[in-house]
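Shown next, in structure tokens, is the structure this report addresses.
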Amino acid sequence: MRVNIQDTTLYVEQAGEGQPLLLIHGFPLNLEMWRPQLETLSQHAKVIAPDLRGHGQSTPTPGPYSMDMLADDCAEILEKLGIQQPVVVCGLSMGGYVGFSFLRRHPQMVAGLILVATRAGADSEEGKNNRDNAAQQVKSEGIQPVIDSMLPILMAPNTYQEQFDLVDQVEEIVAQTSSDGMISALMGMKTRPDSMPTLKKIKLPTLIIHGAEDQIIPISEAEAMHFAVVGSRFEIIPDAGHLPNLEQSQLFNQVVKDFLSTLQD
Ligand code: MLT
């Protein structure tokens, strides 16, 4: 469905009933990356998955897209959908960065956090330069070079070499991102703040999930978040890289389902 928010229209899918579960996708992906969760977790929760602006079927607007802007978009979507119950925010990678902003700006709307393949820290100087270089490349050559460089490292080496259908599917998802959307998200991620202080204050149920073979965000980042959030759960998904929800969807769904059931207790 399309949801009109202040300055644009965003594409959102919603399925199931019960505890609201907001799924925020990573860069440069869209809600299609949550298909196994929309299908299965919707039997246990009310799953809400937006295409962030400039991604998937949500049209780009002038950038940069700060993580605060994307978090406010998510909050507005929930309001427009009439969701009053606090939500479990599940963000993957950039979706996790958006989740930290969401928690800072809309704490009353959060019942729990699921941080997947993400990190709390801001970009290093080298990381910021890489964002600039990637944005420059998209400006001059389009999105294909980003697809070519990211695709082989988005998934675990075995997934990439053996699961051809999944690799094709991820490539199709990335190819739906507009060049303006990519550049604006890159510039937004570049200026995001350090979220470690936010994490250290979290008193909410928190689940941290990381693929054992993530080649984009080292597992040490997930361990650091686990130590920072008192009482957090930490699940390492074997045989998965940066997209554990797709590479090991059954195990991922089970872990999330178990976490959701603890919230009902
Ligand atoms: C993502 O998967 O969302 C990105 O790789 C995150 C990032 O570039 O920091």
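Any read-out appearing in this document is the output of simple, stated calculations on the displayed coordinates, not a laboratory observation. Predicted, not measured: the structure shown is a model, and the values here were computed from it. Heads up, the Cβs are rebuilt from the backbone with ideal geometry, glycines too, and the neighbour counts pull from every protein chain shown.
Exposure proxy shown here: for THR159, THR59, the number of other Cβ atoms within 10 Å sets the order, fewest to most, as THR59, THR159. Among DSSP beta bridges whose residues both lie in the stretch 2-264, state the antiparallel percentage, nearest 5. Approximately 25 percent, going by the DSSP bridge assignments. With K and R counted +1 and D and E -1, the other residues having a Cβ less than 13 Å from that of ARG119 yield a net charge of -4. Each of ASN130 and ILE219 was given a label point 7 Å from its Cα along the Cα-to-Cβ line. The distance between the two points is 2.0 nm. Rounded to the nearest 20 debye, the dipole magnitude of the stretch 107-166 is 220 debye, with +1 charges on Lys and Arg beta carbons, -1 on Asp and Glu beta carbons, and the Cα centre as origin. Using a cut-off of 15 Å between beta-carbons, work out the net charge of the residues near LYS80 (Lys and Arg +1, Asp and Glu -1, LYS80 not included). Combined, the nearby Lys, Arg, Asp and Glu give -4. Ordering ALA175, LEU151, LEU207 by Cα displacement along the dipole of the chain toward the positive end leaves LEU207 in first place; charges were set at the Cβ atoms of Lys, Arg (+1) and Asp, Glu (-1). Quarter the surface of the alpha carbon convex hull of the stretch 2-264 and you get the mean projected area, 12.2 square nanometres.
Counted by Cβ distance under 12 Å from LEU52, the other residues give a net charge of -2, where Lys and Arg count +1 and Asp and Glu count -1. Work from the charge dipole of the chain (Cβ charges, +1 for Lys and Arg, -1 for Asp and Glu, about the Cα centre) and give the residue of MET187, ALA111, SER220 farthest towards its positive end. Towards the positive end, the residue furthest out is ALA111. Between the stretch 140-201 and the stretch 90-127, the C-alpha centres lie 16 angstrom from each other.
Summing Cβ point charges (Lys, Arg +1; Asp, Glu -1) relative to the Cα centre of the stretch 180-255 gives a dipole of roughly 520 debye.
Size estimate for the stretch 110-158 follows the Kirkwood approach: the inverse of mean 1/r over distinct Cα pairs works out to 13.4 Å.
In debye to the nearest 20, how big a dipole does the stretch 2-264 give about its Cα centre with +1 on each Lys and Arg Cβ and -1 on each Asp and Glu Cβ? That gives a dipole near 1060 debye. Hey, how many Å between the Cα centroid of the stretch 4-20 and the Cα centroid of the stretch 203-223? If you average the Cα positions of each part, the centres end up 26 Å apart. Over the chain, dividing the summed -39,500 (n - 2.57) contributions of all DSSP H runs of at least 4 residues by the number of residues returns a 222 nm mean residue ellipticity of -14000 deg cm²/dmol. Shown for TYR97, TYR11: other C-beta atoms within 10 Å of each C-beta, ranked fewest to most, produce the order TYR11, TYR97.
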